[in-house]
């Protein structure tokens, strides 16, 4: 119980939570030890280091209202529940930080949840390094632009090379234009798109098949 309840020193800036609790009231009290402002020392913020999962259990302290920790109360409505949280996944190259559920990029290590979701869907053989996440999304955006403006998919690869100095892996382009699952007529439309470009650039059927396979 040391420094958990009744400890009032406003200048304290860091709290280390090393005691797990099922009580939201006690959790609030523990974190509350460092929430006080301290005009004397110029303190305006604090740091909470949670080693036992209290934040995951009870939510971020700023999401907890007084009504939610009363001993007797009506069942809390779903909309009053703490904001959902998630961990930046260490197993996939993340840093393990606890984030809000809506955050798609970790502010600490730049792990990109959306890009890695696409990587899982595509079943790529190699995980993306954090430095490749931007390039991965850039190539996919370029392929979409190429289709929209009736350009060859090779235009996207050349634009990528001009910006980054190397060609992108073709596996990065899978499902880039139509997403997954693709619409019913997507393959037919893309085939017609590639056929028109092949006629214009004097490309053979193997070229068409190559980029059809890359997309679908």
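No lab work stands behind these numbers, since they all come straight from the coordinates. Keep in mind the model is a prediction, meaning the values are calculated, not measured. Note that we place each Cβ from the backbone using ideal geometry, even for glycine, and neighbour counts take in every protein chain shown.
Going by how many other beta carbons lie within 10 Å of each one, how would you line up 155, 172, fewest first? Please report the intermediate quantities before stating the final value.
Values: 155 15, 172 22.
Fewest to most other Cβ atoms nearby, the residues stand as 155, 172.
Between residue 41 and residue 62, take the C-beta separation as r, use R0 = 22 Å, and let me know the FRET efficiency to the nearest 0.05. Could the numbers behind the result be given before it?
On the way: r = 22 Å, r/R0 = 1.00.
Rounded to the nearest 0.05, the efficiency is 0.50.
Which value in nm describes the separation of the simple spin-label points at residue 92 and residue 158, placed 7 Å from the Cα toward the beta carbon?
3.5
Which order do the peptides 161-170, 192-201 come out in when sorted by mean C-beta neighbours inside 10 angstrom, highest first? Present the calculation step by step, with values, prior to reporting the outcome.
Numbers: 161-170: 12.4, 192-201: 14.6.
For the peptides 161-170, 192-201, the packing ranking is 192-201, 161-170.
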